[in-house]
Amino acid sequence: MATEWAPLRNFFFERLCAAEFHWFFVQGIDALMNGLYVPAVSSLLNGIEASLRITVDQVNNPTGELIELSPYKVLSNNLIKGARDIGMPTNCLAFPEEEEFDQKLESQKPNRIDVELVRQRNNICHGNILEFVNRDLGKENSFFTPVSLRQLSFQLLDISGSWAEQIGEYRKNRNLLHYDR
């Protein structure tokens, strides 16, 4: 680990104080700073998802033991809306140019539109990288390279930083410092 990005790693340790999800962010930083953009993106997305899922569960079940999270409550518009409804600071999960974040959250099937964070999570974590394929040299010479995810990696790092700051404060105010309540 390079010492020049140690303060960034410490930022997540200090803000989140929860090993059950702060390691996703720290490992995402490590991958990003080493040019490993695919695992960086995946790790940062997983950190946001894990912190949302665990915090929502802790708030909704304050006396219950957290043993296993529902396999059905994954990163989605519904999970983010549920988090927003219990006062979590979800607006910081919007991408910089995503002015219609709240409208997307409220959209319903069959016309539901995923917020950008959910869309990127679904695509990246399921291997759909087609929007990142370089087609500059024509269809027959198109290719994908991990550096195509560089910009997304840094966008997710910015979002993750804002999220960690705000969710960390939310958790501290509710004494949600660890998974075991």
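The table below lists the values:
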| quantity | calculated |
| --- | --- |
| Long-range amide H partners of Glu100 with built H, under 5 Å | none |
| Residue-count net charge about Glu169 - beta-carbon cut-off 15 Å; Lys, Arg +1, Asp, Glu -1 | +2 |
| Top positive-direction residue, dipole computed over segment 9-173 with Cβ charges, set Leu69, Pro146, Gly28 | Leu69 |
| Carbon/sulfur fraction of accessible area - segment 9-173, other protein chains in place, 1.4 Å, % | 50 percent |
| Over the chain: helical MRE at 222 nm, DSSP H runs n ≥ 4 each giving -39500 (n - 2.57), nearest 500 | -17500 deg cm²/dmol |
| Environment charge at Leu52 (Cβ cut-off 13 Å; Lys +1, Arg +1, Asp -1, Glu -1) | +2 |
| Whole-number percent relative contact order across the chain, with pairs defined as alpha carbons under 8 Å at least 6 apart | 31 percent |
| Solvent-accessible surface ranking, highest first, for Met33, Met88 at 1.4 angstrom | Met33, Met88 |
| Calculated from backbone phi, Karplus (6.51, -1.76, 1.60) coupling profile of segment 30-39 in Hz, x at Gly/Pro | 4, 5, 4, 5, 9, x, 9, 6, 5, x |
| Length released on extending from Ala6 to Ile113, taking residue separation times 0.36 nm less the Cα-Cα span | 34.8 nm |
| Inter-centroid distance (Cα atoms) of segment 113-136 relative to segment 13-80, Å | 19 Å |
| Per residue accessible area of segment 9-173, 1.4 Å probe, in Å² | 52 Å² |
| Phi to ³J(HN,Hα) by Karplus 6.51 cos²θ - 1.76 cosθ + 1.60 over segment 167-174, Hz, x for Gly, Pro | 6, x, 5, 4, 5, 4, 5, 10 |
| Within the chain: Cβ-based charge dipole about Cα centre, in debye rounded to nearest 20 (Lys, Arg +1; Asp, Glu -1) | 280 debye |
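The values are calculated or read from the model by the stated rules, or taken from the named source; none is laboratory data. Treat the numbers as computed from the prediction; the structure is a model and nothing was measured. Don't worry about glycine lacking a Cβ; one is built from the backbone with ideal geometry, like all the others, and counts go over all protein chains shown. The protein model used for the area step is the full one, side chains on, heavy atoms only, and it has no ligands, DNA or RNA in it. Shrake-Rupley method; radii C 1.70, N 1.55, O 1.52, S 1.80 Å.
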